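Chemist: This is the structure I want to talk about, given as structure tokens.
Where a number appears in this text, it was derived from the coordinates with a stated rule and is not lab data. Source: prediction; values computed, not measured. Neighbour counts run over all protein chains shown; Cβ positions are idealised from the backbone, glycine included.
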Amino acid sequence: MTDDTKKNETDTTAAEDQAPEAATEAEAAIDPLEALKAENSELRDRFLRLAAEMDNLRRRTERDVKDAKSYAVTSFARDMLAVSDNLRRALDTIPEEARAAADAGLAALVEGVEMTERGMLATLERHGVRKIEAEGQKFDPNFHQAMFEIPNPEVPNNTVVQVVQAGYAIGDRVLRPAMVGVAKGGPKADAAAEQAAEKNG
């Protein structure tokens with residue numbers, strides 16, 4: 001073996017021995033302060049994400065609790081409206097002449113039924129149930145249920161001209177749509193609004 005060959009082998013062995021040392025030096029070259037900053041940044045990011053998730057959960061819970069309070073009586077209110085309807089039907093079956101000529105007993109009965117109906121509706125209103133004002137309004141399928149059309153050229157087309165059964169809402173939700181009769185044959189609503197503006201102007 002020549003001296004050059006021995007020298008090359010020695011150089012190769014020395015280079016191999018230096019490679020792990022270089023890797024160790026590179027690892028040692030990572031600044032501990034930078035490593036801490038990176039870890040701190042990652043932890044801060046995780047904390048901010050967790051805080052945002054908790055905030056969303058809190059808001060969602062508050063909304064669910066508010067909805068539960070507002071709409072908890074929905075089924076009960078719907079059932080009570082059916083009772084109120086029956087009270088109104090009972091009153092409507094008594095002709096005006098019979099009311100006018102009623103003896104004390106019948107008059108007291110009619111008055112008692114009317115007071116019961118008013119009291120029930122007032123109680124429902126205290127719990128967020130309100131009547132949908134339909135008559136004279138433009139037909140809105142979100143709040144009204146059309147039962148029939150009434151030919152009437154004097155009012156704008158699709159205007160509610162008769163309420164068969166009152167509608168009610170609870171909060172911003174429809175509890176029961178109003179059953180209505182809708183005008184047919186009149187001018188379009190926009191044209192009617194323009195005509196009214198011209199008359200007033």
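Chemist: Exposure proxy check: Lys138, Lys66 ranked by fewest other beta carbons within 10 Å?
Modeler: By the 10 Å Cβ count, ascending: Lys66, Lys138.
Chemist: Report the net charge of residues surrounding Arg88, where surrounding means a beta-carbon distance below 12 angstrom and charges are Lys +1, Arg +1, Asp -1, Glu -1. Before the final figure, lay out each step's value.
Modeler: Working: positive: Arg89, Arg118; negative: Asp85, Asp92, Glu114, Glu117.
For residues surrounding Arg88, the net value is -2.
Chemist: Same structure, new question: Once amide H atoms are placed 1.01 Å from N in the peptide plane, what residues at a sequence separation of 5 or more from Ile150, or on another chain, have their amide H within under 5 Å of its amide H?
Modeler: Close amide H contacts, sequence-distant or interchain: Val182, Ala183, Lys184.
Chemist: Sort 105-115, 139-149 for me by packing, meaning the mean count of neighbouring Cβ atoms within 10 Å per residue, highest on top.
Modeler: Numbers: 105-115: 12.2, 139-149: 14.6.
The peptides rank, most packed first, as 139-149, 105-115.
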